[in-house]
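The structure appears below as structure tokens.
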Amino acid sequence: MSRFDGAASGGVFIYSSRPHKYPDSDGFSHDPLESNQIAREVEFMRNFLVLGESDQDEYVLDLLSGRYQVRDKQAFDNIFEELECFDDILGFMVNLIMQRT
């Protein structure tokens, strides 16, 4: 069985549980705590937990409705997909990565 903690491929970033150093680079993966702290500085983002992103989308948990959503990165009120559980949104992100690679 393989284990992963986050992913970045095909322009899709699934946030890891903590920042990891990239091999052969001085860079680190997205830090989910820091990313959400920055996002919540914007008033309307305080009701969302950001799980990942792509060039066009934000993958979030709407804390008020308890629904996992794919939202437009530029026009955040636009909801492209609404999913029942974490496994569904994770599957959505992984499938998008597989389509792009």
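The values are calculated or read from the model by the stated rules, or taken from the named source; none is laboratory data. Owing to the predicted nature of the structure, the values given are computational and were not obtained by experimental measurement. Virtual Cβ from ideal backbone geometry, glycine too; neighbours counted across all protein chains shown.
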Practice task
Check the range 43-54 and report whether any residue there is modelled with pLDDT under 90 and surrounded by fewer than 14 Cβ atoms within 10 Å (Cβ to Cβ).
Solution key: yes
Exercise for the section: Give the range 55-86 a look and list any residue that's surrounded by fewer than 11 Cβ atoms within 10 Å (Cβ to Cβ), free of Cβ contacts under 8 Å to residues at least 12 places away in the same chain and in contact with a strand residue (DSSP E or B) (Cβ under 9 Å, 6 or more places away or on another chain), or say none. Expected result: Ser65, Asp77
Problem - Entirely in the range 1-80, the strands (runs of 3 or more DSSP E) that have 1 or more residues that are among the aromatic types (Phe, Trp, Tyr) - result: 12-14, 48-54, 57-62, 67-72
Practice task
Could you list, in sequence order, all residues of the range 11-35 that are modelled with pLDDT of 85 or more and either surrounded by fewer than 17 Cβ atoms within 10 Å (Cβ to Cβ) or at positive phi (or both)?
Solution key: Gly11
Exercise for the section: Output the number of residues of the range 89-101 satisfying the condition of being within 13 Å of the chain's Cα centre (by Cα) and loosely packed, with under 14 Cβ neighbours inside 10 Å. Expected result: 1
